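Just so you know, all these numbers are worked out from the coordinates, no wet-lab data involved. Quantities reported herein were computed from a predicted structural model and do not represent experimental measurements. No Cβ is skipped: glycine too gets one built from the backbone with ideal geometry, and neighbour counts run over all protein chains shown.
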Amino acid sequence: MEEDLKNLVLGFRKHTGKTQTELASELEVPTDIETALEMGTYRQPTKRLKGKIDNLVSDCDENELIQIGRGYRIMDELGPDFKYYIRGLEQARGIDHEELHSQPEEEFYRIIGSVNLDEFEVVNMGRQA
């Protein structure tokens with residue numbers, strides 16, 4: 001649940017193009033709470049806050065938002081090794097890296113986030129390619 005919540009909040013923010021401050025304002029929480037939600041360090045959100053998040057994302061596909069958030073998180077966590085991850089996806093899943101890069105930004109990160117493989121194994125495959 002925590003993993004999904006942090007990716008949901010991040011994915012929603014990226015999908016809507018909002019800043020953390022703007023999203024915090026919509027959720028009626030301080031920016032540090034919104035940041036903690038995205039980082040997964042705010043472990044006990046209240047029912048009221050969960051309700052506000054549910055209300056904000058109600059017009060969206062939650063699974064896609066989670067995948068988008070996860071895609072951004074993978075890129076951030078891997079840093080410079082992200083290029084190897086992209087190469088490794090071609091080896092592991094047959095995802096053409098040129099076609100992947102030609103996708104709109106949101107679709108790019110949704111695809112990245114939808115892959116259910118260990119990121120570091122994929123990076124290693126990409127390094128060997």
I'm trying to understand the selection: among the residues of the stretch 67-84, which are touching a helix residue (DSSP H, G or I) at 6+ places or on another chain (Cβ under 6 Å), within 17 Å of Arg13 (Cβ to Cβ) and either of a type in the set (D, E, K, R) or surrounded by fewer than 15 Cβ atoms within 10 Å (Cβ to Cβ) (or both)?
Arg70
Name the pairs: first residue in the stretch 112-123 and over 22 Å from Leu65 (Cα atoms), second residue among the acidic types (Asp, Glu), Cβ to Cβ under 7 Å, at least 6 apart or on different chains?
Val123/Asp81
Condition check: under 25 Å from His101 (Cβ atoms) and of a type in the set (A, V, I, L, M). Does Ile53 satisfy that?
no
I'd like the residue in the stretch 16-34 that is out of contact with any helix residue (DSSP H, G or I) (no Cβ under 6 Å at 6 or more places or on another chain) and closer than 21 Å to Arg73 by Cα and, out of all such residues, is surrounded by the fewest Cβ atoms within 10 Å (Cβ to Cβ).
Gly17
Just to check your reading of the model, which residue among Arg87, Arg13 is surrounded by 12 or more Cβ atoms within 10 Å (Cβ to Cβ), under 14 Å from the mean Cα position of the chain (by Cα) and under 19 Å from Ile112 (Cβ atoms)?
Arg13
Which residue is surrounded by the fewest Cβ atoms within 10 Å (Cβ to Cβ), if the candidates are limited to the stretch 35-49 and must be over 23 Å from Ile74 (Cβ atoms) and touching a residue at least 12 places away in the same chain (Cβ under 8 Å)?
Leu49
Going through the stretch 96-111 in order, the residues found to be touching a residue at least 12 places away in the same chain (Cβ under 8 Å) and surrounded by 13 or more Cβ atoms within 10 Å (Cβ to Cβ) are Leu100, Glu106, Phe108, Tyr109, Arg110, Ile111
